[in-house]
Amino acid sequence: MASAAAPHAYLQQQARWHWVEIVFWLSTLLPFVLFPQYLQLASQIAITALFALSLDLILGYAGVVSLGHAAFFGLGAYTAGILSKFYWGEPLSLLVAGALVAGLVGYATSWIIAYFRHLALIMITLGLGLLLYEAANSASWLTGGADGLQGVRIRPLLDYFNFDLYGRTAYTYSLIVLFLAFLVTRRIIHSPFGLSLRGIRENPVRMPAIGAPSRAHIRKIYTIAAVMAGIAGALIAETTETVSLETLSFQRSADVLVILILGGAGRLYGGIVGAIIYMVARDQFSGVNPQFWYFWIGLLLVAVVMFLPNGILGGLARFTESWRRRSR
Amino acid sequence: MSKLFIAASSLAAALAAAAPAYSQGTIKIGLIMSYSGQFADPAAQMDNAVKLYVKQHGDTVAGKKLEFIRKDTGGIAPPLAKRLAQELVVRDKVDIIAGLVLTPNALAVGDVSAEAKKFTVIMNAATAIITTKSPYMARTSTTLPQLNETFGTWAAKKAGVKKVYTMVSDYGPGHDAEGAFQRGFKEAGGEIVGSVRMPVANPDFSAFVQRAKDINPEAIYVFIPGGTQPSALGRALAERGVDTAKTKIFGMGELTEDEARKTMGDASLGIVTVYHYDHNHQSAMNREFVKAYNAEYNRNPNIYAVGGWDGMHLIYETLKKTKGNTDGDALIAAAKGMKWESPRGPISIDPETRDIVQTVYIRRVEKVGGQLLNVEFDKVENVKDPFKARMKK
């Protein structure tokens, strides 16, 4: 009896909300009061965090390395942008549309993804990303090509809240979507399915032997991650009313990977913390020195990877662990 | 245990970096450019010209001190460019937005300019429609149709060429240039005997040049990005035995800019290009500009520099006209119809479209005193952007 209940008890114990988490989510409301002039930045941080969270699902938890994750981000952005141009501009339904298209493509490609690992995966995801980028580039009748999509018009949120210059609506909206997506992610990670994903990450060959179908699981989580990335893309299209090839670019795939590694892959808050640190650092450094700020970003990355190989959260966890042991 | 608390408070600390104070006696100008990344050099040229203009004309206009806030877009990034513009408006309280090297970024900033009613000066981005995005935008660079359509018309009418083959790189600017040149050329009675779009990353042009040569047109129109490609094209032309005296090579100025001529060497001799500025332009004002630019930065100014220079001139003169009033409506009203002498020649701001009206130069690469230079041999004066002229109809 006890042995059957043990895993459930373990999962339940893991899934309990820590007070630090509650403090963290409450503190995401601080920008409204403390930095009302930084809400646009905060909004884009929330969107990037959502994008990083989606990558964490496949990279951090299932061990699927992707260098082409921007493909889904861009699909979501273009879907929302193009629909707003031709048919309707209602933000919530556009979010769903972006998620659907990205999810469909994610599901289709997951059949390929599930068959490969490591280096082969890097090449395949990179290739799929580049293919989509070039397709969008050449289909300029639909996407606007290199100039970006023109005529994106988004209606006010719930037909009431305008996307204002200060970014109040943008941040509120992005934050709510991020929080909801986070709840879903948290639920997935702390479910038996989430646990078996971690098993697949550690040993994909052994998992089927204990009754967990590795490939089916990877297909599932890859599709879910694609849906979330699509939502993030649709969000950026809606809150900025711009869509360009940059949303599909390799740079965006690489940036989100860097953000995740910076924050700590395989940790629920890794992508979020990474996005906050990376984007605030970028904003501050490039404000001080618009020409050479990348140097400081590079330095930050090298320092983090050298001294905190498991990312900032990984480092903090190790630090608090050793501190706790010493104080005992 | 409090790892997230630490993360949250570090966010708070980082965000708390001092918000700039706003004072009455200053005018704030936000410069949005691609200071880093692939397009850093155009931004450097432009920023140099901005600094040089301020150095020569003082940083006080209409009794108010100018303050510059520089923001980096790091290449093509419209969401970032838009956010930077929004932040410049709501956080830094700028009065004027300027710079804008790249089209997608300029288009994104257009929304902010329109919504916040901020006078915005586009110092480079060259896609025709940009200035239609905001009624507060004016441009001091050029538009692709302004150059290429004019060139097409000139080729058919003045150069007497009737059959042209076009080869362009397969990307946005390439398509625009191809469309504009073909349109101008055909409307003036010319015939396009063939056209090809080449991959953007294309180190070898031999096959394309050979195909063009086989068709035996009177001229070949080429549009390729700057950098390493012009030298590869020059090599292909020489290898395939294309004689620029018999088969003319046409292109936009980028094809024979300073770096390109250096790498192409004598293969660039005889290539005919269209542009709105070259440091070899012969006028007293330009000689002085080039001298001052060289003294300060030890290099020759190019189109980005002249765009920045004239953008600053427009800002200074409109501010003088409004007596320091920075209201968007007042400034754009002052900018409309403004005429002045630029290092590139006489230019003005079209009162209807707020776009630049200028002389378009036709140049040929020649050897002058052992140096390969773009030598102007013909020009078309007072050219408006033909794209927007058509939009009105």
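The values are calculated or read from the model by the stated rules, or taken from the named source; none is laboratory data. As the structure is a prediction and not an experimental result, all values here were calculated from the model. For neighbour counting, all protein chains shown are included, and Cβ atoms are generated from backbone atoms with ideal geometry for every residue, glycine included. The accessibility values were calculated without ligands, DNA or RNA, using every heavy atom of the protein model including side chains. Shrake-Rupley method; radii C 1.70, N 1.55, O 1.52, S 1.80 Å.
One table, with the values for the structure above:
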read-out: Single residue of B:Ala267, B:Ala260 found to be modelled with pLDDT under 90 and surrounded by fewer than 24 Cβ atoms within 10 Å (Cβ to Cβ); value: B:Ala267
read-out: Tally, over the range A:10-30, of residues that are within 7 Å of chain B (Cβ to nearest Cβ) and not aliphatic (A, V, I, L, M); value: 3
read-out: Any hit, the range B:314-326, residues being part of a strand (DSSP E or B), among the hydrophobic types (A, V, I, L, M, F, W, C) and either open to solvent by less than 40 Å² (accessible area, probe 1.4 Å) or closer than 18 Å to B:Lys51 by Cα (or both); value: no
read-out: Residue match in the range A:165-188 (condition: over 20 Å from the mean Cα position of the chain (by Cα) and of a type in the set (A, V, I, L, M, F, W, C)); value: yes
read-out: Residue that is farthest from B:Leu80 (Cα to Cα) [pool: residues in the range A:159-177 that are open to solvent by less than 30 Å² (accessible area, probe 1.4 Å) and assigned to a helix (DSSP H, G or I)]; value: A:Val177
read-out: Considering residues of the range B:270-302 that are among the small types (Gly, Ala, Ser) and open to solvent by 30 Å² or more (accessible area, probe 1.4 Å) only, the residue farthest from B:Lys367 (Cα to Cα); value: B:Ala295
read-out: Matching strands (runs of 3 or more DSSP E) fully within the range B:67-150 where at least 3 residues are over 18 Å from B:Met391 (Cβ atoms); value: B:96-99, B:119-122
read-out: Number of the condition not met by A:Ile277 [criteria: (1) within 14 Å of chain B (Cβ to nearest Cβ); (2) open to solvent by less than 20 Å² (accessible area, probe 1.4 Å); (3) free of Cβ contacts under 8 Å to residues at least 60 places away in the same chain; (4) not polar (S, T, N, Q)]; value: (2)
read-out: Total residues in the range B:129-169, condition in contact with a Ser or Thr (Cβ under 7 Å, 6 or more places away or on another chain) and open to solvent by 10 Å² or more (accessible area, probe 1.4 Å); value: 2
read-out: Tally, over the range A:213-237, of residues that are under 15 Å from A:Ile45 (Cα atoms) and open to solvent by less than 10 Å² (accessible area, probe 1.4 Å); value: 7
read-out: Criterion violated by A:Leu248 - all others in (1) away from every other protein chain (no Cβ under 13 Å); (2) touching a Leu at 6+ places or on another chain (Cβ under 7 Å); (3) over 27 Å from A:Phe35 (Cβ atoms) satisfied; value: (1)
read-out: Residue within the range B:143-150 that is in contact with a Lys or Arg (Cβ under 9 Å, 6 or more places away or on another chain) and within 26 Å of B:Lys82 (Cα to Cα) present; value: yes
read-out: Residue satisfying all of: in the range B:358-393; at pLDDT below 85 and out of contact with any helix residue (DSSP H, G or I) (no Cβ under 7 Å at 6 or more places or on another chain); surrounded by the most Cβ atoms within 10 Å (Cβ to Cβ) among these; value: B:Ala389
read-out: Criterion (open to solvent by less than 80 Å² (accessible area, probe 1.4 Å) and charged (D, E, K, R)) met by exactly one of A:Arg187, A:Arg117; value: A:Arg117
read-out: Some residue of the range B:342-352 being open to solvent by less than 40 Å² (accessible area, probe 1.4 Å), in a strand (DSSP E or B) and closer than 30 Å to B:Ala267 by Cα; value: yes
read-out: Condition check for A:Ile154: closer than 30 Å to A:Ala42 by Cβ, under 24 Å from the mean Cα position of the chain (by Cα), open to solvent by 30 Å² or more (accessible area, probe 1.4 Å) and of a type in the set (Val, Ile, Thr); value: no
read-out: Of the criteria (1) open to solvent by less than 10 Å² (accessible area, probe 1.4 Å); (2) touching a Ser or Thr at 6+ places or on another chain (Cβ under 9 Å), which one A:Leu262 fails; value: (2)
read-out: Candidate set from the range B:57-83 (those that are facing another protein chain (nearest Cβ under 9 Å) and more than 18 Å from the chain's Cα centre (by Cα)); member that is most open to solvent (accessible area, probe 1.4 Å); value: B:Arg70
read-out: Selection status of B:Ile96, within 9 Å of chain A (Cβ to nearest Cβ), of a type in the set (A, V, I, L, M, F, W, C) and touching a residue at least 24 places away in the same chain (Cβ under 8 Å); value: no
read-out: Those residues of the range B:185-234 which are in contact with a Pro (Cβ under 7 Å, 6 or more places away or on another chain) and either farther than 21 Å from B:Thr256 by Cα or outside the structural domain of B:Ala245 (by TED's automatic domain parsing) (or both), in sequence order; value: B:Val193
read-out: Test: residue in the range A:212-234 that is farther than 19 Å from A:Leu59 by Cβ and under 19 Å from the mean Cα position of the chain (by Cα); value: yes
read-out: Complete set of residues in the range A:36-57 that are within 8 Å of chain B (Cβ to nearest Cβ) and open to solvent by 20 Å² or more (accessible area, probe 1.4 Å); value: A:Gln37
read-out: Some residue of the range B:43-52 being open to solvent by less than 20 Å² (accessible area, probe 1.4 Å), within 13 Å of chain A (Cβ to nearest Cβ), more than 21 Å from the chain's Cα centre (by Cα) and not basic (Lys, Arg); value: no
read-out: When residues of the range B:198-220 are limited to those that are closer than 30 Å to B:Pro104 by Cβ and at pLDDT 90 or above, the one surrounded by the most Cβ atoms within 10 Å (Cβ to Cβ); value: B:Ile220
read-out: Test for A:Ala135: is it more than 15 Å from A:Glu238 (Cα to Cα) and assigned to a helix (DSSP H, G or I); value: yes
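Yes/no per residue for (1) more than 8 Å from chain B (Cβ to nearest Cβ); (2) over 19 Å from A:Leu67 (Cβ atoms); (3) part of a helix (DSSP H, G or I); (4) touching a residue at least 24 places away in the same chain (Cβ under 8 Å):
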site: A:Val273; (1), (2), (3), (4): no, yes, yes, yes
site: A:Gln284; (1), (2), (3), (4): no, yes, yes, no
site: A:Trp296; (1), (2), (3), (4): yes, yes, yes, no
site: A:Met306; (1), (2), (3), (4): yes, yes, yes, no
site: A:Leu313; (1), (2), (3), (4): no, yes, yes, yes
